[in-house]
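Taking it in order: structure first as structure tokens, then the write-up.
The values are calculated or read from the model by the stated rules, or taken from the named source; none is laboratory data. On a predicted model such as this, the values are computed, not experimentally measured, just so you know. Here the Cβ positions follow ideal geometry from the backbone for every residue, glycine too, while neighbour counts run over all protein chains shown.
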Amino acid sequence: MLNNGRVVQWQDEKGVGFVQDNAGQRTFLHIKAFISIARRPMVGDKVQYRRARDAKGRIIASDVRLVEPHPAASSMQKNQQREGLSAKHPRPFQNPRQSRGVPQGTRMPAFLHQVLGIVSLGMLSLFCVQSLLPLHLLSYVGLLSVLTGLIYWLDKWYAQTNAWRIQEHTLHLFALLGGWPGAWLAQTWVRHKASKLSFQIKFWVTVLLNLIGLMLLNWPQGTAMISKVGGWVHMHLSGW
């Protein structure tokens, strides 16, 4: 069944939004749901679409066609014609997921990502060689790294299949809890989140905190400090 509605919300950088029918029902809209379109969608565009369900059973818009463009889009088309672009041969549309990239100034250099990872893993290996890392803690880091790597792989797969993504703070949480080696390996092997500078800054902060924590555990004064902080937290939580 065809439905008529308008685009009421659109995030062009993500290629997603919502369409609302005349009854006020909102439906999730993805850029790949359009059958054919010569430009990016805009809020206010009138469209026809069908309702379908994705792999997880959520209602989404499919077979979307642009029926009536937003007035602003018509002005844009006139400007293109003045620039010598024919209305019969509009500028080819680029899928935001394909054309969108990390701006050059906000990318993490690949060599820096590799160097930081090798140095950090080297420090972790040094703790293991010198028997400064208890076996139970080493097992914990290993298991959590495997789990973190799987979560990265799953998020990469979600990104490729246009499914709902795992939030970045969840990825950082697993790294902070000790799964950072698996996170770095996953970033390197599946090329996921390895070049986004804002993400990488937060990620390396979690790595630094983990390494500082290991140093404190192997420093007598540091162990006492951690015990005091743990006792203080326990005392205040018990008082609630």
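Can you tell me which residue in segment 1-45 is surrounded by the most Cβ atoms within 10 Å (Cβ to Cβ), limited to those that are farther than 14 Å from R65 by Cα and of a type in the set (V, I, T)?
Result: T27.
Okay, residues lined up against (1) under 14 Å from the mean Cα position of the chain (by Cα); (2) of a type outside the set (S, T, Y):
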| residue | (1), (2) |
| --- | --- |
| Q130 | no, yes |
| L137 | no, yes |
| G149 | no, yes |
| W157 | yes, yes |
| R165 | yes, yes |
| L177 | no, yes |
| R191 | yes, yes |
| K202 | yes, yes |
| T206 | no, no |
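Could you give every pair whose Cβ atoms fall below 9 Å, whose first residue belongs to segment 147-176 and is more than 23 Å from A55 (Cα to Cα) and not assigned by TED's automatic domain parsing to the domain that holds A61, and whose second residue is modelled with pLDDT under 90 and among the β-branched types (V, I, T), counting only separations of at least 6 or pairs across chains?
As it stands, the answer is G149/V190, since those pairs meet every condition given.
Tally up the residues in segment 1-43 that are assigned to a loop (DSSP other than H, G, I, E, B), in contact with an Asp or Glu (Cβ under 9 Å, 6 or more places away or on another chain) and either hydroxyl-bearing (S, T, Y) or at pLDDT 85 or above (or both), please.
3
Being of a type outside the set (F, W, Y), touching a helix residue (DSSP H, G or I) at 6+ places or on another chain (Cβ under 6 Å), modelled with pLDDT of 90 or more and farther than 30 Å from I60 by Cα is true for just one of A194, A186. Which residue is that?
A186
What's the number of the only condition in (1) assigned to a helix (DSSP H, G or I); (2) touching a Lys or Arg at 6+ places or on another chain (Cβ under 6 Å); (3) within 24 Å of G122 (Cα to Cα) that Y158 fails to meet?
(3)
Report, ordered by the first and then the second residue, all pairs with beta carbons closer than 6 Å, sequence separation of six or more or different chains, a first member in segment 42-60 that is over 17 Å from K32 (Cβ atoms), and a second member that is in a strand (DSSP E or B) and charged (D, E, K, R).
Taking only residues 6 or more apart or on different chains, the pairs are K46/R6; K46/E68.
What do you reckon, is L237 modelled with pLDDT under 95 and in contact with a helix residue (DSSP H, G or I) (Cβ under 7 Å, 6 or more places away or on another chain)?
no
Report whether or not A73 is assigned to a helix (DSSP H, G or I), among the aliphatic types (A, V, I, L, M) and modelled with pLDDT under 75.
Considered against the rule, which asks whether it is assigned to a helix (DSSP H, G or I), among the aliphatic types (A, V, I, L, M) and modelled with pLDDT under 75, A73 comes out as yes.
Could you tell me which of the residues R191, R165 is at positive phi and not in a helix (DSSP H, G or I)?
None of the other options fit; the residue is R191.
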